[in-house]
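Participant: A single structure is presented below for examination.
Read-outs throughout are calculated quantities, based only on the coordinates presented, and are distinct from any laboratory measurement. None of these values were measured; they are calculated from a predicted model. Cβ: placed from backbone, ideal geometry, glycine included. Neighbour counts: every protein chain shown.
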Amino acid sequence: MSPGILGKKIGMTQVFRPNGEVVPVTLLKAGPCVVVQRKTPTTDGYDAVQLGLVEGVKPQRLNKPETGHLKKAGADGIRYKKELRLRAGDDDLKPGDRVLVGDFRPAEVVDVIGTSKGRGFAGLVKRHHFRGGPSSHGSMFHRAAGSIGASSYPSRVFPGMRMAGHMGNEQVTVRNLEIIDVNPEDNTLMVKGAVPGPNGSYVMVRRTKR
Amino acid sequence: MSHPLLAKATEKLLRKDFPAYRIGDTIRVQVKIREGEKERLQAFEGTIIAENRSGVSKTITVRKMSFGTGVERIFPIHAPVVDKIEIIRTGQVRRAKLYYLRGLRGKAARLRERE
C-alpha cells in the first residue's frame, strides 16, 4: 500500500448517492506512478519514497541529470515528482515499483495537496477579507487599507500586519476528502469536494494520517 | 462538461428512461418522498419553461398555477428522487426559455399543441 499517488485535476461535477443525496466531486487523473527513488534513514536520514507521474514526456524535454535520475529506477517520461514520507505499516516500495489508482478504495479518506490558483497582487478585501468602505454617499474610503498602527509610539509597523500583496499560487492542502469512486481502467479517482488549483494542475493525493 | 473523462465518469448516472420531452410540454413528474420509514410518490404537473445545465447536472424548471399563484419547481432530472416523467400535453413554442409565461395568466398563458 503506497502512502499516496500523484495525479492531475480534471474538473468538477456532481454525482448522486444511492439515497438520492447529491455529492459535489472532483475528478482526478491519478497515476500510473513509478517509485523513482527510495530514501532511507541510513542514506538520507528519513524514510520516504519519491514518486513520479508517468505521462510519456518526450525525452528531449528532460535535461540530462533528470534523465539519469529516472534511469536508475528504470522509468522515463516523468515530469512531476513528489516525495511522500513512509510511515509504519506502509509497504517497502522499491525503485521501479508501480503505484496505481487501484490501491485506493471508495470511502477511504485522503488529503489532496496542490498549488492554488494565482490571484496576482491582491488587495486587502480579496486577500484578507477586509470589509472595505461604502462605495457611494460621498464616501472616499472604498477598498483602501485604513490604519496600520499608531504614530510616534511605536514608530513602526508591527510584523505580520495584514497588507496587500501576492495571493495564491502557493501549496494548499485539503484534508479528509472522501473517495467516492475509483476507476482503474481510466486511472481516475473521484473525491468529494474541491481541490486546489485550476483544471489540469498537478496534485498529490495522500492517505490521511490516523 | 469539457473533459471527456468527466462525461465518462458520470455516464452511468444518466437516466435514459424518460420520454422525449420538449420545452413547452406539459408534464407530470413523480417524485419520491420519504416520510420516516415509508416512501411515497408525489406528482407535480406543469409546463416545462426551461432546461438548464448539461450532463448529470441537467435540471428542468416546471411551472404550474396553483390556486391562482404561479409555482415553479426545478427538478434535477437525473437524480434518483425523480421516479417518472410523463408527457400530458405537447406545446408549440418558439424559444428555449419560456420566462415570458410568468407575466401572463389565464387564457394568455396557454400554449398551442404541437403537431
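Participant: Collect the residues in the stretch A:189-203 that are within 14 Å of chain B (Cβ to nearest Cβ), in contact with a Lys or Arg (Cβ under 6 Å, 6 or more places away or on another chain) and under 18 Å from A:Glu178 (Cα atoms), keeping them in residue-number order.
Facilitator: If the condition is that a residue be within 14 Å of chain B (Cβ to nearest Cβ), in contact with a Lys or Arg (Cβ under 6 Å, 6 or more places away or on another chain) and under 18 Å from A:Glu178 (Cα atoms), then A:Val195 is the only one that fits.
Participant: Follow-up. Which of the residues that make up the stretch A:66-118 are hydroxyl-bearing (Ser, Thr, Tyr) and within 18 Å of A:Val34 (Cβ to Cβ)?
Facilitator: A:Thr67, A:Tyr80
Participant: Only one of (1) more than 15 Å from the chain's Cα centre (by Cα); (2) surrounded by 12 or more Cβ atoms within 10 Å (Cβ to Cβ) fails for B:Lys38. Which number is that?
Facilitator: Of (1) more than 15 Å from the chain's Cα centre (by Cα); (2) surrounded by 12 or more Cβ atoms within 10 Å (Cβ to Cβ), only one is false for B:Lys38: (2).
Participant: Looking only at residues in the stretch A:174-188 that are among the charged types (D, E, K, R) and part of a strand (DSSP E or B), which one is farthest from the other protein chains (Cβ to nearest Cβ)?
Facilitator: Among them, the one singled out is A:Arg175.
Participant: Here's something else I'd like to know. Just wondering, is there one or more residues in the stretch B:22-32 that are closer than 28 Å to A:Pro24 by Cβ and not hydrophobic (A, V, I, L, M, F, W, C)?
Facilitator: yes
Participant: Could you pull out the residue among A:Val157, A:Val195 that is β-branched (Val, Ile, Thr), more than 30 Å from A:Val25 (Cα to Cα) and assigned to a loop (DSSP other than H, G, I, E, B)?
Facilitator: A:Val157
Participant: Restricting attention to the stretch B:47-91, which residues are assigned to a strand (DSSP E or B), small (Gly, Ala, Ser) and touching a helix residue (DSSP H, G or I) at 6+ places or on another chain (Cβ under 8 Å)?
Facilitator: Correct list: B:Ala50, B:Gly70.
Participant: Continuing with the same structure: Can you tell me which of (1) exposed (fewer than 15 other Cβ atoms within 10 Å of the Cβ); (2) of a type in the set (Asp, Glu); (3) closer than 22 Å to A:Glu21 by Cα is the one B:Glu51 doesn't meet?
Facilitator: Answer for B:Glu51: the failing condition is (1).
Okay, residues lined up against (1) in a loop (DSSP other than H, G, I, E, B); (2) farther than 28 Å from A:Val25 by Cα; (3) of a type in the set (Asp, Glu):
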{"position": "A:Leu53", "(1), (2), (3)": "no, no, no"}
{"position": "A:Lys82", "(1), (2), (3)": "no, no, no"}
{"position": "A:Gly102", "(1), (2), (3)": "no, no, no"}
{"position": "A:Val112", "(1), (2), (3)": "no, no, no"}
{"position": "A:Phe121", "(1), (2), (3)": "no, yes, no"}
{"position": "A:Arg127", "(1), (2), (3)": "no, no, no"}
{"position": "A:Ser135", "(1), (2), (3)": "yes, yes, no"}
{"position": "A:Gly146", "(1), (2), (3)": "yes, yes, no"}
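Participant: Looking only at the stretch A:104-115, decide whether some residue is touching a residue at least 12 places away in the same chain (Cβ under 8 Å) and within 14 Å of chain B (Cβ to nearest Cβ).
Facilitator: Checked the stretch A:104-115: at least one residue is touching a residue at least 12 places away in the same chain (Cβ under 8 Å) and within 14 Å of chain B (Cβ to nearest Cβ).
Participant: For the stretch B:75-94, how many residues are away from chain A (no Cβ under 14 Å) and in contact (Cβ under 8 Å) with a residue 40 or more places away in the chain?
Facilitator: Counting residues in the stretch B:75-94 that are away from chain A (no Cβ under 14 Å) and in contact (Cβ under 8 Å) with a residue 40 or more places away in the chain gives 10.
Participant: Tally up the residues in the stretch B:92-110 that are assigned to a helix (DSSP H, G or I) and either touching a Cys at 6+ places or on another chain (Cβ under 9 Å) or closer than 30 Å to A:Gly20 by Cα (or both), please.
Facilitator: Summing the residues that are assigned to a helix (DSSP H, G or I) and either touching a Cys at 6+ places or on another chain (Cβ under 9 Å) or closer than 30 Å to A:Gly20 by Cα (or both) in the stretch B:92-110 gives 1.
Participant: Now for a separate question. Step by step: first the residues of the stretch A:13-62, then only those that are among the polar types (S, T, N, Q) and away from chain B (no Cβ under 14 Å), then the one that is nearest to B:Ile77 (Cα to Cα). Which residue is that?
Facilitator: A:Gln50
Participant: I would also like to ask the following. Take the residues in the stretch B:60-74 that are surrounded by fewer than 14 Cβ atoms within 10 Å (Cβ to Cβ) and polar (S, T, N, Q), then tell me which one is nearest to the other protein chains (Cβ to nearest Cβ).
Facilitator: The selected residue is B:Ser66.
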